[in-house]
Amino acid sequence: MVLTDEQKSLQETASRFARERLAPDYQKREKHGILERDLIAEMGSLGLLGVDLPESVGGLGVDSVTTGVIAEALAYGDFNISQLPVNVSLNGAILMRHAQPEIRDHWVPRMVSGNAVVAICLTEPRGGSDAGNMQLRARKHGSDYILNGEKTSITFADRADAYLVFARTGVPDAGAKGVTAFFIPGKTPGISRTCFNDVGSAIIGRGSVFLDDVRIPLNHRVGDEGKGFSQVMQGFDYSRALIALQCCGAAQASLDETWAYARDREAFGRPIGNFQGVSFPLAEGESQIGSIRQLSFHTLALRDAGQKHTAEAAMVKWMGPKAAFDVIHQCLLTFGHYGWSKDLPHQQRLRDVMGLEIGDGTAGIMKLLIARERLGRAAAG
Ligand SMILES: Cc1cc2nc3c(=O)[nH]c(=O)nc-3n(C[C@H](O)[C@H](O)[C@H](O)COP(=O)(O)OP(=O)(O)OC[C@H]3O[C@@H](n4cnc5c(N)ncnc54)[C@H](O)[C@@H]3O)c2cc1C
């Protein structure tokens, strides 16, 4: 992918921010487990959030490829913080297309400026892969909807300012049909939330969101009733390609640090990089990450051209986190006993990218999507 001058300039801004503001405290942030809102607002003021959204809401109106360039550059400094631009682009696009003007005009500019975080709530305790099989219910009551149920495994659960919640409005057990999306401000009475003790990505506060007789006006419905899946979930092909690029950014950071180490560290009287047993696995890692990066940008370019990209998005979504995990693992090993210490960032990157082997859909589900694209749904299952 050859970048335009505008893309290079935004990449440089994001890379400088990643180098100077994100990377130095990547590990400290995990220790404190706090999502620093000042840092998010700073990204907003630099124009790094929602760049693909229209200028009328504070975006730059640029393409999906540019959004991917920024996500990768930020992930090089802090994988977890790079979830913010992905989140704003995904949720912002949904609200721009399907929310009522009063919701859209109030919330999207705040998301783009880094002053509001919106969580997307699909998964429920009884399962995430079969996402249409949800139980959380919304029923109409006069001029309101009333929602009851639990969403779980939600990124930003206990620290979001608002929630995009998928709920069943149609008959029970009707699968994806009869699911409707709602926008719910976090201060609405009846909402409570918890935070899990996760393997990685401490600052994203993954947890459960409980809705207990949560009452919202009709204008908080996003899209048409019963169309939550067909209208709103189209955005996932987009976020999957962005997630793959986040993974490339994190893996590239470990690779760059490891090449430098292989040049300096000596064993048997020479730099360890002299041993092909050291340099070839790193060369393989560069090849894997380079290929996934290019397929991710191709996926985004298809989106920009208005072409179907479901299979490509699923391919990079399963390969990206897995390859990043394997490559970072190899980097950790190349550092020998130093790699095993929490002083170095590889172990944290390893744990952080692993979460997205599950989040946003597992490898099994991605392969199912690819098979469905090739065989058709009836033949693929
Ligand atoms: C870090 C992280 C962040 C997340 N953020 C969010 C969020 O913001 N919002 C949200 O709604 N959810 C979020 N999730 C939840 C995530 O989307 C689900 O965990 C995921 O979709 C899988 O659902 P499950 O965990 O219930 O697994 P299950 O659906 O119970 O599946 C269990 C296992 O069976 C496999 N499996 C199931 N069905 C099939 C099949 N047909 N073919 C092959 N394999 C299959 C799965 O691959 C998996 O390995 C997040 C999860 C993580 C880890």
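The values are calculated or read from the model by the stated rules, or taken from the named source; none is laboratory data. What you see is a predicted model; the values in this text were computed from it and never measured. Here Cβ is always computed from backbone atoms with ideal geometry, including for glycine, and neighbour counts include all displayed protein chains. The protein model used for the area step is the full one, side chains on, heavy atoms only, and it has no ligands, DNA or RNA in it. Shrake-Rupley method; radii C 1.70, N 1.55, O 1.52, S 1.80 Å.
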Any idea what angle helix 276-304 forms with the longest principal axis of the chain, computed on alpha-carbon atoms, 0 to 90 degrees, nearest 10?
30 degrees
Rounded, prolate or oblate: which fits the chain when a ≥ b ≥ c are the square roots of the eigenvalues of the alpha-carbon gyration tensor, with rounded for a/c under 1.5 and prolate only if a/b beats b/c?
prolate
Not counting the cut sites, what is the longest span of the chain without chymotrypsin sites (Phe, Trp or Tyr not before Pro) that DSSP labels loop and that have at most 16 other Cβ atoms within 10 Å?
1-195
For residue 373 and residue 256, calculate 0.36 nm times their separation in residues minus their Cα-Cα distance, and state this gained length in nm to one decimal.
38.5 nm
If you roll a 1.4 Å probe over the heavy atoms of the protein chains, what accessible area per residue do you get for the chain, in Å²?
43 Å²
Yeah, the stretch 102-201 with a ≥ b ≥ c from its alpha-carbon gyration tensor (a/c under 1.5 is rounded, else prolate when a/b outruns b/c, oblate otherwise) is oblate
Just 106, 98, 346 to compare: in a GNM of the chain, with alpha carbon springs under 10 Å, which one fluctuates most?
106
Quick check: at a probe of 1.4 Å, how many percent of the accessible area of the chain sits on carbon and sulfur atoms?
53 percent
By the Cα gyration tensor axes a ≥ b ≥ c (a/c under 1.5 gives rounded; else a/b larger than b/c gives prolate, otherwise oblate), the shape of the stretch 57-130 is oblate
Considering only 123, 194, 67, give the residue with the highest GNM mean-square fluctuation for the chain, with springs between Cα atoms whenever their separation is below 10 Å.
194
Which entries of 31/322; 140/177; 140/227; 151/187; 177/227; 227/367 have Cα-Cα distances beyond 19 Å here?
31/322; 227/367
